[in-house]
Amino acid sequence: MKEGFTVTASDNYSGVTLYYKTPNSTSFVASTTSSVVFSKTAVNGTYVFYAVDGFGNKSDTNYMYMSIDAPEATIVRSDNSHKVCVIWTASNCYATLNGKSYTSGTWIEQEGEYTFVITNDANRSSTYKFTVDHYYARYSMVAPTCTQKGYTIYKCTGCGDSYNGDYTEAKGHDYESKIVKPTCTAQGYTRYTCKTCGNTYTDNFVEAEGHRYGEWTTVKEPTCVDLGKDERTCSVCSYVDEKDIDALGHSYK
């Protein structure tokens, strides 16, 4: 029996009492009328009936089995994302998702745990539990630098949560060298410059060479009271070194 049913007892000569027992009962109940109606919302199982007329005669015992199925639904997961939806084909059903009304085929994108309940007009229900997880898709790639690893950024298509993965090693510096020769007063060295990022460092220091002076030349003769001056010039950088010549002082007679 897939729908509700009615049981009626009758007798042509005397009154009749109908007795019935439901699947959840342990004893028979006497009906106050000659008919008993069981709607399709009644529980599934075997119903038992018999009747007794006014003379105490008992009828045969009759059995009626009710079996109305609960509605079924299908959980659908998207092939290329984390989304989930629930669909069903049965009519006269209503559904809830975590206690709120739900329409068949509506995509669920928010991560979390869900309880879906579908109920038909016979008050039969089916419950489904499922989880919507993050679905991470490749969002962008960060190239490695001389000193930093490269990586791929993965982002959840539903909520935007992200993480970094697929790391690649840093490339390291690609240096080219330039020799700076020492001068008379400054050290020489080799400067290394990365052709990729411009990072620099110096190494291989060489001491300054010092000036290479010629002979002292008097450019100002001293007087009795004024200092004189000698000069000498570096043959490499033309730096002029100077020194004073003491005044001669007076020579009295």
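The values are calculated or read from the model by the stated rules, or taken from the named source; none is laboratory data. Because the structure is a prediction, the values reported are computed rather than measured. Please note: Cβ atoms are built from the backbone with ideal geometry, for glycine as well, and neighbour counts cover all protein chains shown.
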Mind checking which residues of the stretch 134-156 are charged (D, E, K, R) and surrounded by 13 or more Cβ atoms within 10 Å (Cβ to Cβ)? Lys149, Lys155
Is it the case that some residue within the stretch 75-90 is of a type in the set (A, V, I, L, M), under 23 Å from Glu3 (Cβ atoms) and modelled with pLDDT of 95 or more? no
Could you list all residues from the stretch 231-253 that are touching a residue at least 12 places away in the same chain (Cβ under 8 Å) and farther than 30 Å from Lys181 by Cβ? Asp244, Ile245, Asp246, Ala247, Leu248, Gly249, His250, Ser251
Looking only at residues that are buried (at least 16 other Cβ atoms within 10 Å of the Cβ) and aliphatic (A, V, I, L, M) in the stretch 71-89, which one is nearest to Pro23 (Cα to Cα)? Ala73
List pairs: first in the stretch 99-116 and over 14 Å from Trp88 (Cβ atoms), second outside any strand (DSSP E or B) and modelled with pLDDT of 95 or more, Cβ under 7 Å, 6+ apart or cross-chain? Tyr114/Asn98; Thr115/Asn98
Can you give me the number of residues within the stretch 37-64 that are out of contact with any strand residue (DSSP E or B) (no Cβ under 6 Å at 6 or more places or on another chain), more than 19 Å from Val16 (Cβ to Cβ) and not in a strand (DSSP E or B)? 5
So Tyr114 fits all but one of (1) closer than 30 Å to Lys171 by Cβ; (2) in contact with a Leu (Cβ under 7 Å, 6 or more places away or on another chain); what number is the exception? (1)
I'm checking my understanding of the structure. Among residues of the stretch 188-212 that are out of contact with any Asp or Glu (no Cβ under 7 Å at 6 or more places or on another chain) and among the β-branched types (Val, Ile, Thr), which one is nearest to Glu176 (Cα to Cα)? Thr200
Which condition from (1) outside the structural domain of Ser14 (by TED's automatic domain parsing); (2) of a type in the set (Lys, Arg); (3) over 49 Å from the mean Cα position of the chain (by Cα) is the one that Lys58 breaks? (1)
Right, Asp166: at positive phi and part of a strand (DSSP E or B) or not? yes
Tell me, which strands (runs of 3 or more DSSP E) wholly within the stretch 195-253 include 1 or more residues that are surrounded by 13 or more Cβ atoms within 10 Å (Cβ to Cβ) and small (Gly, Ala, Ser)? 228-233
